[in-house]
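Heads up: the structure comes next, in structure tokens.
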Amino acid sequence: MFEIKRLCSLLLVLLFIITGCDVEVEKHSSNNANARSINSNISTPQMELGDTPPTPIIEAAGKALAVYQSSYCWDNKTKGTSVCADYASPNEMLKDKVKEKVKANTPITFNFDVKKPTDVSLTIYDNGSISQVKVTGNSFQTPPEEGIYYYSLSAVWLTDIEKRISEGSSVYTFAIEVIK
């Protein structure tokens, strides 16, 4: 368990270094009452980014999954500030949340109602094991084995890809129960 927390902390530190956030830091517990949950189907226009991280719409078999805000660094252009927040790992953050039942090998899609992120990565947490998930376009497959799976979807919006200048980066968590 210590190794998982250490690995998650290292990944978050690297994410923050890459995005260049260094201004104001907030800490949040795994019982954060402000976690955002999505339960609607929204189209994907290419709007500009706002003053807070956008929440993705994540769907499996046409049904929206609950998505929760996790760690982020974000530029608030209105206030002229940047904010970073650090959250617990998905398995800690979502352990008491209801997991949506999804059939094995089902495609899951994600979309943002703002412009597309420059970089996206997906991590799966399964029985103490952490690994990267192959993302094709804006979708991936659920595992073939039954069980509870926790995910972290990381997104980065860059204004200058070459110089790695970021408008913001955010991690979103969700959990599913894979059934046959």
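Within segment 108-130, is even one residue surrounded by 18 or more Cβ atoms within 10 Å (Cβ to Cβ), polar (S, T, N, Q), at pLDDT 95 or above and in contact with a Leu (Cβ under 9 Å, 6 or more places away or on another chain)? Within segment 108-130, one or more residues are surrounded by 18 or more Cβ atoms within 10 Å (Cβ to Cβ), polar (S, T, N, Q), at pLDDT 95 or above and in contact with a Leu (Cβ under 9 Å, 6 or more places away or on another chain). Of the numbered criteria (1) within 16 Å of SER152 (Cβ to Cβ); (2) out of contact with any Leu (no Cβ under 6 Å at 6 or more places or on another chain); (3) at pLDDT 95 or above; (4) not β-branched (Val, Ile, Thr), the one ASN91 fails is (3). Is it true that some residue in segment 64-71 is modelled with pLDDT of 95 or more and over 14 Å from the mean Cα position of the chain (by Cα)? So far as segment 64-71 goes, yes, one or more of its residues are modelled with pLDDT of 95 or more and over 14 Å from the mean Cα position of the chain (by Cα). Taking first residues from segment 68-91 that are closer than 21 Å to ILE57 by Cα and partners that are hydrophobic (A, V, I, L, M, F, W, C) and assigned to a strand (DSSP E or B), the Cβ contacts under 6 Å between residues at least 6 apart in sequence or on separate chains come to SER70/VAL171; SER71/VAL171; TYR72/ALA85; CYS73/CYS84; TRP74/VAL83.
In this structure, is ALA85 of a type in the set (A, V, I, L, M) and under 21 Å from PHE140 (Cα atoms)? No: the conditions fail for ALA85. Selection of strands (runs of 3 or more DSSP E) fully inside segment 137-180 by the criterion of at least 1 residues being buried (at least 22 other Cβ atoms within 10 Å of the Cβ) and not aliphatic (A, V, I, L, M) returns 147-160, 165-179.
Answer yes if at least one residue in segment 85-104 is in contact with a Pro (Cβ under 6 Å, 6 or more places away or on another chain), at positive phi and surrounded by fewer than 19 Cβ atoms within 10 Å (Cβ to Cβ), and no otherwise. No, every residue in segment 85-104 fails to be in contact with a Pro (Cβ under 6 Å, 6 or more places away or on another chain), at positive phi and surrounded by fewer than 19 Cβ atoms within 10 Å (Cβ to Cβ).
Quickly run through segment 127-163 and pick out the residues that are touching a residue at least 24 places away in the same chain (Cβ under 8 Å) and more than 24 Å from ASN111 (Cβ to Cβ). Across segment 127-163, the qualifying residues are GLY128, ILE130, PRO144, GLU145, GLU146, GLY147, ILE148. When residues in segment 59-84 are screened for being crowded, with 21+ Cβ neighbours inside 10 Å and farther than 14 Å from SER170 by Cα, 1 of them pass.
The values are calculated or read from the model by the stated rules, or taken from the named source; none is laboratory data. For clarity, every value in this text was computed on a predicted model and none was experimentally measured. Neighbour counts run over all protein chains shown; Cβ positions are idealised from the backbone, glycine included.
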